[in-house]
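Input: a single structure, listed below in structure tokens.
FYI, it's all coordinate maths here, none of it is from the lab. This is a predicted model, so every value here is computed, not measured. So basically every Cβ, Gly included, is an ideal-geometry build from the backbone, and we count neighbours across all protein chains shown.
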Ligand SMILES: [Ca+2]
């Protein structure tokens, strides 16, 4: 017997998919933020509606954009659930407390908020903002209203919501439209990331670029131009395309600076040597690249490259389906 319950809410009829509104404030004089992203009285925000099959945005869609995702979460089993969220720059997850009730201000509660940008799908953060909701006891086949709100100010951007289902013997799959993401919490302490090291001697504000060679195809991905004394955010923006295109991975960049006495310094103007470590956040079984071409456009600095085999190779990935 099919015990599924169909929502009788007239505004959000139960269906496959999540209703997504992409809010574009690029040409707006109004400020796009959490308090305005859902404000349809602001006429110069451009809103485009579509049906999304995952509760996630494309990576790096553009500055001054936001999203509203609305839909139903239908639990495959009566058990406990909790939700995870990562985003850049700010996001809130709302959840209906009563099945079938829909977008009702007294029933829908904020269950999770991420206030500052995270790396893509990095749901775990033990030192800063919580990125998971509390466990919630939900009933099988009941439609629970779900809404995610997202705003992006500049630079990189993304939003992903994931769910963890408490293990039960009769949970045979998922019948909702969320992307189910397994996570392995023990990896963070012992993980080594594939690392490319760029060393700049006498860093100036002139530009250069890097061409990364894909070890499988020998194809090249060029960075954008960036300054020899760039900060970590600018380096990340310039070189991330290779890692995103080749490995679908985000990166982080760490900078260590040395003064004339070869002591570490935090003052850019004292630095005579900048060492950038580009770390790929996805685990792989072999070196990400073994050839990077350096093309200096305006910089006079000396630029040298060390490959992961010389610096740090990735911890091998754990096999299994995710
Ligand atoms: Ca951003």
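Observations
- Region 266-306: radius of gyration and largest Cα-Cα distance (Dmax), Å: 14.0, 39
- At the listed q of 0.16, 0.17, 0.19 Å⁻¹, the Debye profile of region 186-250, built from one uniform point per Cα, gives log10 I(q)/I(0) equal to -0.64, -0.70, -0.84.
- Difference of contour (0.36 nm per residue) and Cα-Cα distance, residue 26 to residue 211: 63.5 nm
- Over region 18-186, volume per residue of the alpha carbon convex hull, in Å³: 113
- Region 31-86 and region 243-284 have Cα centres spaced 33 Å apart.
- In units of the compact-protein estimate 2.2 N^0.38 Å, region 195-306 shows a Cα radius of gyration of 1.05.
- Placing pseudo-labels 7 Å out from each Cα toward the beta carbon at residue 78 and residue 38 gives an inter-label distance of 3.0 nm.
- Projected label distance in nm at residue 306 and residue 265, using a 7 Å step from Cα toward the beta-carbon: 2.1
- Each of residue 140 and residue 296 was given a label point 7 Å from its Cα along the Cα-to-Cβ line. The distance between the two points is 6.8 nm.
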